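None of the figures in this text is laboratory data; all of them are computed from the coordinates on show. Here the structure is a predicted model, which means the values were calculated and not measured. Cβ atoms come from the backbone with ideal geometry, glycine included; neighbour counts cover every protein chain shown.
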Amino acid sequence: MNNEPPIRPEAGRATLSRRELAQNLLTGLAAGILVPSLPSLHPIRALLQNGMLLDSSDEILAMGNYRPVFLTAAQLASVDKMTEALVPGSRKAQSASFIDLLLSVDSAKSQQAFVDSLSTLETAAQQMFHKGIVALTSTQLNKLLNSVTAKESSSREHFENLKGWAVGAYYSSEIGMRELGWTPDRVFSTFPVCTHAENHS
């Protein structure tokens with residue numbers, strides 16, 4: 001599933017924990033940093049404030065050879081492909097595995113909403129191309145995303161739910177925070193707008 005290795009710390013530089021990175025992200029959002037598709041009521045925001053959960057996630061993801069806790073292996077593979085398409089770099093940041101860990105402790109309502117959203121897009125992929133998300137080519141996946149984000153699409157809400165998870169997972173990682181302007185002294189030098197998924201807003 002993962003063709004790229006997870007991000008590793010640079011030699012001689014301490015790596016911040018996901019807890020610290022998430023705190024920086026949430027502080028940045030409050031200060032005016034713009035991250036599209038991360039609504040204030042999206043469930044991932046509350047989860048990113050759970051320090052114990054983020055600490056345990058760090059430990060689990062650092063072990064490698066991740067096995068899903070909440071999602072099935074097939075669902076995790078679909079989430080991995082989807083998040084990478086929505087926010088390039090998500091695979092390197094281990095976003096899919098991080099989302100699975102968050103979902104494993106989330107409410108039953110949020111869990112069901114996520115599964116329903118993923119199933120809706122899987123169904124759309126089958127209807128359009130007669131194969132699941134994992135088997136889609138990059139061109140086909142882009143066509144699928146353009147289809148479900150159309151204003152008249154009944155799947156748009158499900159897409160937005162998944163995108164919120166993808167955006168939150170990526171931008172609470174070190175690679176995502178650096179893209180937003182985070183620097184090693186933990187200061188945002190600028191207040192940029194996310195550069196990803198501009199065609200799927």
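The residues neighbouring T137, those whose beta-carbon lies less than 15 Å from its own, together hold a net charge of +2 under the Lys/Arg +1, Asp/Glu -1 convention. For the range 18-179, the number of Lys pairs separated by eight or more positions or lying on different chains, with C-alpha atoms closer than 19 Å, is 10.
Per-residue packing, averaged as other Cβ atoms within 10 Å, sorts the ranges 158-164, 173-179 into the order 158-164, 173-179, beginning with the highest. Between the beta carbons of Q111 and S40, assuming R0 = 22 Å, the FRET efficiency works out to 0.60 to the nearest 0.05. Working out 0.36 nm times the residue gap between V69 and S119, then minus their Cα-Cα distance, what length gain in nm do you get to one decimal? So the chain would gain 16.2 nm between V69 and S119.
Spin-label pair E59-T137: with each label point 7 Å from Cα along the Cα-Cβ axis, the two points sit 4.6 nm from one another.
Between Q127 and R156, the C-beta separation translates, for a Förster distance of 25 Å, into a calculated FRET efficiency of about 0.95.
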